[in-house]
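Asker: Provided herewith is a single structure, encoded as structure tokens, for subsequent inquiry.
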Amino acid sequence: MKVLEVRNVVYRRGGRTILDGVELTVCQGQMLAVSGPSGSGKTSLLLIVAGLVPADQGEVLLDGVPTAEWGSKIRSSIGVILQTYGLMPFLTAEENVALPMQARQMGRAAIQDAAATALDEVGLLEMSHRLVSELSGGQKQRVALARAIAGQPDVIVADEPTSELDPENRDQVIRLLVSKARAGSAVAVASHDAHVTAACDQIIRLVHGRGVPIAPSSDT
């Protein structure tokens, strides 16, 4: 069973300590919520977990191995949903979802099939050939989710994945993230949304840079 571990992570920016010894563990099959007010370090923590930002101290491990030692393989092991989407506006929805998979040893047909399946899971199959620049904010958010799950990663990291969605699509996304966890991924979600945290197995709240575990039924 693969396990995502964050050990004593410290992150400083602009002379301020954003994260101060954060620790957490997420096993395959589990979904973790990271809560806290704006500016508490939720996005910074997820970017460090995803390997997109280096920590000043501490380490992130996947299956007991520091992610820094995974090299390029880490990109296929961690699916990332950025708050800013991180999509290419001049590409179609399908091309955006397919882009990370092109570095793998997958045939073109297999990549297209995986992209179409992921877009179908987020309810956007009919938008496959639309340019991302033509999509609404909520649709872009779901394309970003499709891109993150298309490669069936061991870990899914999602930053506010429901922030621009209506209740119906929000619930669909939550169900999808839970289903990916139950299917064997370790899912970490930063969210202000009580509907998201209510669906999680664990919740940590960032307080003065430290991760404080709280009961999933508690007010986040």
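The values are calculated or read from the model by the stated rules, or taken from the named source; none is laboratory data. The model shown is predicted, which means the values in this text are computed figures rather than measured ones. Backbone-built Cβ (ideal geometry, glycine too); neighbour counts: all protein chains shown.
Asker: Hey, can you tell me all the residues within the stretch 8-53 that are more than 17 Å from V207 (Cα to Cα) and either of a type in the set (G, A, S) or over 17 Å from the mean Cα position of the chain (by Cα) (or both)? Walk me through it before giving the result.
Answerer: Taking the stretch 8-53 as the starting set, the residues that turn out to be more than 17 Å from V207 (Cα to Cα) are 14-15, 25-31, 47-53.
G14, G15, G29, A50, G51 - these are the residues of the stretch 8-53 that are more than 17 Å from V207 (Cα to Cα) and either of a type in the set (G, A, S) or over 17 Å from the mean Cα position of the chain (by Cα) (or both).
Asker: Spot the failing condition for H129; the list is (1) touching a Ser or Thr at 6+ places or on another chain (Cβ under 7 Å); (2) surrounded by 13 or more Cβ atoms within 10 Å (Cβ to Cβ); (3) more than 20 Å from T162 (Cα to Cα), and only one is missed.
Answerer: Failing condition for H129: (2).
Asker: Another question about this same structure. For the stretch 80-92, check the following and say yes or no: at least one residue is outside any strand (DSSP E or B), surrounded by 14 or more Cβ atoms within 10 Å (Cβ to Cβ), of a type in the set (S, T, Y) and more than 16 Å from the chain's Cα centre (by Cα). Before you say what the answer is, go through the steps one by one.
Answerer: Filtering the stretch 80-92 down to residues outside any strand (DSSP E or B) leaves 83-84, 86-91.
Checking which are surrounded by 14 or more Cβ atoms within 10 Å (Cβ to Cβ) leaves us with 83, 86-87, 91.
So of that shortlist, the ones also of a type in the set (S, T, Y) come out as none.
No, the stretch 80-92 contains no residue that is outside any strand (DSSP E or B), surrounded by 14 or more Cβ atoms within 10 Å (Cβ to Cβ), of a type in the set (S, T, Y) and more than 16 Å from the chain's Cα centre (by Cα).
Asker: Among the residues of the stretch 54-67, which ones are over 17 Å from the mean Cα position of the chain (by Cα), surrounded by fewer than 22 Cβ atoms within 10 Å (Cβ to Cβ) and among the aliphatic types (A, V, I, L, M)?
Answerer: Result: V65, single match.
Asker: If you don't mind, another one. So how many residues does the stretch 140-170 have that are acidic (D, E) and either under 12 Å from the mean Cα position of the chain (by Cα) or at pLDDT 95 or above (or both)? Reasoning before the result, please.
Answerer: Start the filter on the stretch 140-170 by keeping residues that are acidic (D, E), which leaves 154, 159-160, 164, 166, 168.
Remaining after also requiring either under 12 Å from the mean Cα position of the chain (by Cα) or at pLDDT 95 or above (or both): 154, 159-160.
Selection size over the stretch 140-170: 3.
Asker: What residue, among those in the stretch 180-196 that are over 14 Å from the mean Cα position of the chain (by Cα) and assigned to a helix (DSSP H, G or I), is nearest to P37 (Cα to Cα)? Spell out the reasoning first.
Answerer: The initial filter retains those residues of the stretch 180-196 that are over 14 Å from the mean Cα position of the chain (by Cα), namely 182-184, 192-195.
Those still in the list that are assigned to a helix (DSSP H, G or I) too: 182, 194-195.
Numbers: R182: 28, A194: 13, H195: 16 Å.
Restricting to residues being over 14 Å from the mean Cα position of the chain (by Cα) and assigned to a helix (DSSP H, G or I), the top hit is A194.
Asker: Can you tell me how many residues in the stretch 167-219 are among the hydroxyl-bearing types (S, T, Y) and surrounded by fewer than 19 Cβ atoms within 10 Å (Cβ to Cβ)? Reasoning before the result, please.
Answerer: Keep residues of the stretch 167-219 that are among the hydroxyl-bearing types (S, T, Y), which gives 179, 185, 191, 197, 217-218.
Remaining after also requiring surrounded by fewer than 19 Cβ atoms within 10 Å (Cβ to Cβ): 179, 217-218.
Final tally of qualifying residues: 3.
Asker: (1) outside any helix (DSSP H, G or I); (2) modelled with pLDDT of 95 or more; (3) surrounded by 15 or more Cβ atoms within 10 Å (Cβ to Cβ): which one isn't true of L119, the others all being true?
Answerer: (1)
Asker: In addition: Cβ-Cβ under 6 Å, sequence separation 6+ or interchain: first residue in the stretch 10-21 and of a type in the set (K, R), partner loosely packed, with under 15 Cβ neighbours inside 10 Å and modelled with pLDDT of 95 or more. Which pairs?
Answerer: R12/D56
Asker: Within the stretch 140-163, is even one residue in contact with a helix residue (DSSP H, G or I) (Cβ under 8 Å, 6 or more places away or on another chain), among the acidic types (D, E) and in a helix (DSSP H, G or I)?
Answerer: No, every residue in the stretch 140-163 fails to be in contact with a helix residue (DSSP H, G or I) (Cβ under 8 Å, 6 or more places away or on another chain), among the acidic types (D, E) and in a helix (DSSP H, G or I).
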